Amino acid sequence: MPAVSFSNFTLKDVVVYYLLGIFFIAFAFYYRKITQGSSLGVIQHRKAYLESHKELNEEVFRAIERGEIVKGMSKEEVTAAIGPPRRIQLLRTQPVNNEVWIYRNGIYAAMEEGILQKWDIRKKLISLR
């Protein structure tokens, strides 16, 4: 294998590698800002929600504080605990309104009439009954 000599690089090569390096560094900072911003937003929302809802029962209050969900939480409480879902799948069931909230981290939360009934991780189908 021939040895690489830095004297073989032209000015064009140096400029291209320099610009690629700048691009990757800028992308890394941008990606970090985006991912941190979303999680910080959830934490700030959680904190504000808890401060304005002192009347919550102890179990729900502690679960939201820890970023966890428990059966019986309302839509607002689930959103305060783990953030908004990536997607909501409406289930056509009568006479109740059922939804499955799907999160980026693989959590599937089943809501019946706006109340959390079940949740699971990485399950694409949740049976409410």
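The values are calculated or read from the model by the stated rules, or taken from the named source; none is laboratory data. In this text the structure is predicted, and so the values were computed from the model without any measurement. Here the Cβ is made from the backbone with ideal geometry for all residues, glycine too, and neighbour counts use every protein chain on show. When the accessible area is computed, the model is the full protein with side chains, heavy atoms only, and any ligands, DNA or RNA have been set aside. Shrake-Rupley method; radii C 1.70, N 1.55, O 1.52, S 1.80 Å.
With a 1.4 Å probe and every protein chain kept in, tell me what percent of the accessible surface of segment 66-124 is carbon plus sulfur.
Carbon and sulfur: 48 percent of the exposed surface of segment 66-124.
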For this session: Within 10 Å, count the other beta carbons around each residue, average over each peptide in 41-52, 8-19, 78-89, and list them highest first.
Result: 78-89, 41-52, 8-19
Problem set entry | Hits among aspartates and glutamates - C-alpha to C-alpha of residue 75 under 12 Å, sequence gap 8 or more where chains match | 99, 112, 113
Problem set entry | Inter-site label distance for residue 94 and residue 17 at 7 Å from Cα along Cβ, in nm | 7.0 nm
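Sort segment 67-108 into rounded, prolate or oblate with this rule: let a ≥ b ≥ c be the square roots of the eigenvalues of the Cα gyration tensor; rounded if a/c is under 1.5, and if a/c is not under 1.5, prolate when a/b is larger than b/c, oblate otherwise.
Because a/c hits 1.5 or more and a/b fails to exceed b/c, segment 67-108 counts as oblate.
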Exercise. Measuring from centroid to centroid over Cα atoms, what is the spacing of segment 6-28 and segment 77-93 in Å?
Worked result: 44 Å
Seminar exercise, completed: Once residue 86 and residue 68 are pulled to full extension, the length gained, defined as 0.36 nm per residue separation minus their Cα-Cα distance, is 4.8 nm
